[in-house]
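This report refers to the structure that appears directly beneath it.
Just so it is clear, none of the values below were taken in a lab; they were calculated from the coordinates. If you're wondering where the values come from, they're calculated on a predicted model, not measured in any experiment. Quick reminder, even Gly has a Cβ in these numbers, built from the backbone with ideal geometry, and neighbours come from all protein chains shown.
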Ligand code: ADP
């Protein structure tokens, strides 16, 4: 296993006050990291810092093993506006292809092949022509996951992928993500409020509260006082 993400002393803020302070952790090739913590603790902000969507105030995010920021697949939290997006599923997925050159606005053959493969991987061939806004919540997340997959062969960053989905649909989505992780070797960094899903699938847990409160393996987290308290609180 090679180390391919190293976050060192990261600090981020929206104005003067720091939202995240002195965050350090690392991830090896092919691992699944879940980031947990209370609302407002800075989880989404951290994802955006890693993906390069927001600037850092201090510290660094280093990539190894050929990973670059352009090669990250990012699944953002869904907003109501995105849910009403008028394009069809195929167009939404294709918009995730970030690399290929375009000729007169047309997508390259390799981009179209990539979108086709991602649609196949997520099992949404039968709805690829449907308007995105007509899909169920679970189908929309599958389409957005396929879109994120178009951008990467190495790392998926997922912000609350199962929020709003019922338990059965959540379990199916987790299984698809797990297959991408275990079979295709794609590392995952996931923010989730769903602690039971996080501990079931993750190799490592980062618990933040505007700084690092815990970082280690899932087993270590579950036997820590913080892990016992947080996991128990969510299941109660
Ligand atoms: P989490 O994902 O853990 O719920 P966030 O990273 O979304 O937390 O937010 C961390 C803190 O930063 C919160 O206090 C939130 O209100 C604040 N915040 C988030 N986004 C913005 C923004 N665009 N502008 C100003 N403050 C923000």
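Using a Gaussian network model of the chain in which every pair of alpha carbons under 10 angstrom is joined by a spring, one finds that among 49, 138, 59 the greatest mean-square fluctuation is at 59.
Could you sort the peptides 14-25, 66-77 by per-residue average Cβ neighbour count (10 Å cutoff), highest mean leading?
Most protected by this proxy first, the peptides run 66-77, 14-25.
Length gained on full extension, residue 179 to residue 229: 15.0 nm, using 0.36 nm per residue less the C-alpha separation. Exposure proxy ranking for 201, 132, based on other Cβ atoms within 10 angstrom of each Cβ and starting from the fewest, stands as 201, 132.
Could you give the angle, 0 to 90 degrees to the nearest 10, between helix 109-121's Cα long axis and the longest principal axis of the Cα atoms of the chain? Long axis of 109-121 versus the principal axis of the chain: about 60 degrees.
Please state the shape class of the chain: rounded when a/c is under 1.5, otherwise prolate if a/b exceeds b/c and oblate if not, all from the C-alpha gyration tensor. It is prolate, given that a/c is not under 1.5 and a/b is the larger ratio. Shown for 12, 106: other C-beta atoms within 10 Å of each C-beta, ranked fewest to most, produce the order 106, 12.
The mean sequence separation of alpha-carbon pairs under 8 Å and at least six residues apart, normalised by the residue count of the range 158-236, gives a relative contact order of 23 percent. Label the range 27-164 by shape, choosing from rounded, prolate and oblate, from the square roots a ≥ b ≥ c of the eigenvalues of the Cα gyration tensor; if a/c is under 1.5 it is rounded, and otherwise prolate applies when a/b is larger than b/c, oblate when it is not. Because a/c hits 1.5 or more and a/b fails to exceed b/c, the range 27-164 counts as oblate.
Have a look at the DSSP beta bridges in the chain and tell me what percent are antiparallel, nearest 5. Please report the intermediate quantities before stating the final value.
Details: 19 of 36 bridges.
Just about 55 percent of them are antiparallel.
Relative to the dominant Cα principal axis of the chain, helix 225-235 is inclined by about 50°.
Among 193, 207, 128, 229, a tally of other beta-carbon atoms within 10 Å of each Cβ gives an order, fewest to most, of 229, 193, 128, 207.
The stretch between residue 53 and residue 129 holds 24.3 nm of extra length on full extension. This uses 0.36 nm per residue minus the Cα-Cα distance. Were the residues from residue 29 through residue 171 laid out at 0.36 nm apart, the gain over their Cα-Cα distance would be 48.7 nm. Taking Cα atoms only, the orientation of helix 167-182 departs from the longest principal axis of the chain by about 90 degrees.
Find, to one decimal place in angstroms, the Kirkwood hydrodynamic radius of the range 83-152, where the mean of 1/r is taken over every pair of different Cα atoms and then inverted.
Working: mean 1/r = 0.0846 Å⁻¹.
Computed over the range 83-152, the radius equals 11.8 Å.
Spacing of the modelled spin labels on residue 3 and residue 83, each 7 Å from Cα toward Cβ, amounts to 4.2 nm. Per residue of the chain, the DSSP helices (runs of n ≥ 4 H) give a summed -39500 (n - 2.57) that works out to -10500 deg cm²/dmol at 222 nm.
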